[in-house]
Amino acid sequence: MPRDEGRAMKDEVKAFRKPQQPKSKPNKKLAAKVRTVPNVVKEPEIPNVPLALQQRLLDLFEQTLYTGPESLACIQEVKSHLYKRDFAAAFGQEDYLRAYALRWSAGRALGYLDLLSGEVGDLLLEGQRDSTGKEDGERRGEVHSKVLCLGAGAGAEIAAFAGWMQGSASQEAVTSLCLDVVDIAAWDGVVEALTKGVTSPPDLGTHASESAKESSRALVSADSLKVNFTRSDLLGWDEMTVKENLESVSLVTIMFTLNELYSTSLPKTQQLLSHLTAASEPGTMLLVVDSPGSYSTVSINGAEKKYPMLWLLDYSLLGSRKSNTPAKWEKVISEDSKWFRLPEGLVYPVELENMRYQVHLYRRLDERP
Ligand SMILES: C[S@@+](CC[C@H](N)C(=O)[O-])C[C@H]1O[C@@H](n2cnc3c(N)ncnc32)[C@H](O)[C@@H]1O
């Protein structure tokens, strides 16, 4: 699996480095002229997601996957396999998969929840509104969506969507979601455990009061969130398979997976994107999240050339003027580098890190005249 894990780990290390001091000496003349403005009150940042909900997602990962010191030992073993790029070993056994999800998916879930709770989520809801053809008032509490999550077996997307449903429950909301999760690795156990975790009341421990136990509820009800897992190699999907999997889907997500697919086979990944384009209905959204500055090396006539992941993606989805291919999608959000920083005050038994990512949201255009 992840060729990108090495890069992600480097990003992690960078994230925790202290800010660099400027190398040059301060310009005294300039410094004398610059006056600090007294009494400027910095506006507190309004977080997209309440801390309690973020903690709730971390509790979910802890209660579902953490087994104590053995989990920490497994994380170290997974890390060392990833460092050696021995992905077969890193993801070759159930306890390693659980350890991976505990260590990496939990933080990503918070990052994705933050993303969904901002502009990206608003646009997704807006897309739903357009596709149902209903007016705003009419559709409150009536959105039923199907999401195809590619390369999502490790569970971050499941937790994030459940958190999004819970977080938006008081406003207009997605009331029912069906997540079709596809991944090449044997994530069945993790998907099942996390799905059970989001649809069951949290374990409050033996010391919780009766009233706390009574009021504890599942993040989402089992009726409102359905998760199906399919173990499959996406690069082997032909046009028919893509078509079947895209039926009634309003959103496709490819999170921290696209560059890995490109690294495995650039032509097969381009083919997958072209099948997705052919099979998707106008209005379908495609959400891509990955490490910033991801590159793929392509060999043309024996010469190696590096292309940024985004360039390859845009080439497939937006067409090119040079080859006279019209755009099939429009890009509605695109950010080359963004940080999700963990807020202070979260409690978790495993080290987590801030997440740096690029994010792109596309909407399928209607080609009918
Ligand atoms: C870096 S992980 C990202 C997991 C998750 N989407 C997230 O953001 O936390 C990449 C995932 O893509 C899956 N993957 C890689 N190649 C694949 C392929 N050819 N077909 C299906 N899944 C694949 C891996 O098994 C892994 O679960």
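The values are calculated or read from the model by the stated rules, or taken from the named source; none is laboratory data. Just so we're clear, the structure is a prediction, and the values are computed from it rather than from any experiment. Cβ placement follows ideal geometry from the backbone for every residue including glycine, while neighbour counts extend to all protein chains displayed.
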Could you identify the single residue in Ala90, Ala32 that is surrounded by 18 or more Cβ atoms within 10 Å (Cβ to Cβ) and either of a type outside the set (A, V, I, L, M, F, W, C) or modelled with pLDDT under 95 (or both)? Ala90
When both residues are 6+ apart or on different chains and their Cβ atoms are under 7 Å apart, which pairs have a first residue that lies in the stretch 258-274 and is over 16 Å from Leu317 (Cβ atoms), and a second that is modelled with pLDDT under 90 and among the polar types (S, T, N, Q)? Ser263/Ser296
Among the candidates Ala208, Ala212, single out the residue that is free of Cβ contacts under 8 Å to residues at least 60 places away in the same chain and part of a loop (DSSP other than H, G, I, E, B). Ala208
State yes or no: is Glu192 more than 12 Å from the ligand (Cβ to nearest atom) and free of Cβ contacts under 8 Å to residues at least 12 places away in the same chain? no
Positions within the stretch 244-270 being among the polar types (S, T, N, Q), crowded, with 19+ Cβ neighbours inside 10 Å and either within 12 Å of the ligand (Cβ to nearest atom) or over 19 Å from the mean Cα position of the chain (by Cα) (or both), in sequence order: Asn245, Thr253, Thr257, Asn259, Thr269
For the stretch 353-368, does any single residue satisfy the condition of being outside any strand (DSSP E or B) and under 22 Å from Leu58 (Cα atoms)? yes
Glu62 fails exactly one of (1) modelled with pLDDT of 50 or more; (2) more than 16 Å from the ligand (Cβ to nearest atom); (3) in a loop (DSSP other than H, G, I, E, B), namely (3)
Go through the stretch 221-243 and give me each residue that's crowded, with 20+ Cβ neighbours inside 10 Å, assigned to a strand (DSSP E or B) and within 12 Å of the ligand (Cβ to nearest atom). Phe229
Going by the conditions given, is Gly107 of a type in the set (Gly, Ala, Ser), at pLDDT below 95 and within 28 Å of Val147 (Cα to Cα)? no
List every residue pair whose Cβ atoms sit under 9 Å apart, with the two residues 6 or more apart in sequence or on different chains, where the first one lies in the stretch 98-119 and is without any contact (Cβ under 8 Å) to a residue 40 or more places away in the chain and within 9 Å of the ligand (Cβ to nearest atom) and the second, anywhere, is of a type in the set (Lys, Arg) and not in a helix (DSSP H, G or I). none
